[in-house]
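In what follows, a structure is listed as structure tokens, so that the remarks can point back to it.
Each value in this text was obtained by applying a stated rule to the coordinates, not by laboratory testing. Just so it is clear, the structure is predicted and the values come from calculations on it, not from any experiment. Ideal geometry is used to build each Cβ from the backbone, glycine not excepted, and the neighbour counts take in all protein chains shown.
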Amino acid sequence: MGDPTPTNPQDETSTQPGASPAGWWGKLRDRANQLRSARRLSRWFNVDDDKVAEILAEVRQQLPTTEALLVGKPQAGKSSIVRGLTGVSADIVGQGFRPHTQHTQRYAYPSEDLPLLIFTDTVGLGDLAQATDAIITELVDDLSSSSSKGRILILTVKINDFATDSLRQIAVRLRQQFPTVPCLLAVTCSHEVYPPSQAN
């Protein structure tokens with residue numbers, strides 16, 4: 001029953017994992033295996049930009065996009081129609097319209113990349129400086145382009161606007177050339193003719 005044999009610190013370190021060259025190699029091998037696994041895992045979640053573009057192009061072709069051509073004078077309630085159909089605020093709708101041609105601008109909803117609705121708005125209709133024929137030509141070109149999109153004409157007229165000759169001219173020409181495109185007449189701003197005593 002003597003004192004226990006004193007341990008040599010060198011003996012302890014020699015039995016610890018990693019203290020010998022074999023231990024170091026084992027650690028390196030384990031670490032390399034972990035890195036290989038991580039690389040394999042990252043490949044699963046890594047998507048090539050070209051592949052993403054290809055997928056988006058395919059989705060766009062199959063997306064049931066509808067184009068609504070809004071034909072009407074400024075302040076005739078076209079933006080209100082867009083807000084009503086999309087639920088988007090006035091600020092977003094106002095900023096969302098982008099120039100498309102000289103006489104039209106477009107707003108894609110919910111996004112430019114994958115639109116479900118495209119609103120094409122006539123710019124300057126009823127303005128003496130703008131020629132109605134030029135607007136008609138641009139709308140005809142738009143409707144003539146081959147597309148799988150559904151299309152609808154939405155004519156907007158303020159209830160108290162009786163100067164509708166240019167709008168009527170556009171509607172007649174477009175209906176003659178594109179009888180299969182549905183046409184909707186939206187009479188707007190009826191609240192402007194309420195009697196003063198009646199609440200809006």
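Here are a few things to note about the model shown:
- With R₀ fixed at 22 Å, the C-beta to C-beta distance from residue 66 to residue 163 puts the FRET efficiency at about 0.15.
- Straight-line reach from residue 158: taking Cα to Cα under 26 Å and skipping same-chain neighbours fewer than 8 places apart, the lysines in range are 73, 78.
- Compactness index (Cα Rg / 2.2 N^0.38 Å), region 64-193: 1.00
- Between residue 114 and residue 91, the contour length at 0.36 nm per residue exceeds the Cα-Cα span by 6.2 nm.
- Placing pseudo-labels 7 Å out from each Cα toward the beta carbon at residue 197 and residue 34 gives an inter-label distance of 8.4 nm.
- For the pair residue 131 and residue 54, a Förster radius of 45 Å applied to the C-beta separation gives a FRET efficiency near 0.60, rounded to the nearest 0.05.
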